[in-house]
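Participant: Please see the structure below; I have some questions.
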Amino acid sequence: MTSESLHPVPTPARRTVVAAVGTAGLAVALTACGSDNKSSDSTSSDSSASSGGTGGGDNAAAGNAGGTVLAKTSDIPEGGGKVFESQGVVVTQPTAGTYKAFSSKCTHQGCAVKGIADNVITCPCHNSQFSATDGSVKKGPATQPLAAANITVDGDSIKLA
């Protein structure tokens, strides 16, 4: 028998483990919320096309010519939309000439939304459904709406602001 087998291996104190888990949880929560700091209740910046559009006002398109072009207005079907995975946004056209954008990250467990049809955005992981008009929850398990994203429509181009 050796003396090594008689001495237990030291383990971290309970306080250390709880502090580490709490810190990791806080880091995850802050990371998940960090990209939404510019999207306060400002869906009014989602504008309609200024040439030929029949939607609402265009109060944010001026001065945002430098945004990343996501798509042409003709790429977004009325009543539907398109997910831009690399930018983390989904763009919809709930009514003719009106374009909206939201985070493509489901508020239930962070899966990327996929399907947009009949003005409903669907998450494939647990079938949460969101309104293509305002991002609100239409069917759970998600309980929080999709965060609004800022886009502008300049002619026939939809740009991420």
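The values are calculated or read from the model by the stated rules, or taken from the named source; none is laboratory data. Computed from a predicted model, the values in this text were never measured in an experiment. Quick reminder, even Gly has a Cβ in these numbers, built from the backbone with ideal geometry, and neighbours come from all protein chains shown. All accessible areas refer to the heavy atoms of the entire protein, side chains included, with ligands and DNA or RNA removed. Shrake-Rupley method; radii C 1.70, N 1.55, O 1.52, S 1.80 Å.
Participant: Take the residues of the stretch 78-96 that are open to solvent by 20 Å² or more (accessible area, probe 1.4 Å) and among the aliphatic types (A, V, I, L, M): which is farthest from residue 156 (Cα to Cα)?
Facilitator: 83
Participant: What's the total number of residues in the stretch 105-129 that are out of contact with any strand residue (DSSP E or B) (no Cβ under 7 Å at 6 or more places or on another chain) and in a strand (DSSP E or B)?
Facilitator: Total satisfying the criteria: 1.
Participant: Quick one: in the stretch 121-136, of everything that is open to solvent by 50 Å² or more (accessible area, probe 1.4 Å) and in contact with a Pro (Cβ under 6 Å, 6 or more places away or on another chain), which residue is farthest from residue 108 (Cα to Cα)?
Facilitator: 133
Participant: If you go through the stretch 130-141, how many residues are modelled with pLDDT of 90 or more and not in a loop (DSSP other than H, G, I, E, B)?
Facilitator: Here the count works out to 2.
Participant: For the structure I just gave you, tell me whether residue 118 is open to solvent by 40 Å² or more (accessible area, probe 1.4 Å), on the phi > 0 side of the Ramachandran plot and at pLDDT 85 or above.
Facilitator: yes
Participant: Inspect the stretch 138-150 for any residue being more than 14 Å from residue 70 (Cβ to Cβ), without any contact (Cβ under 8 Å) to a residue 24 or more places away in the chain and surrounded by 15 or more Cβ atoms within 10 Å (Cβ to Cβ) and give the result as yes or no.
Facilitator: Yes, there is a match, as at least one residue in the stretch 138-150 is more than 14 Å from residue 70 (Cβ to Cβ), without any contact (Cβ under 8 Å) to a residue 24 or more places away in the chain and surrounded by 15 or more Cβ atoms within 10 Å (Cβ to Cβ).
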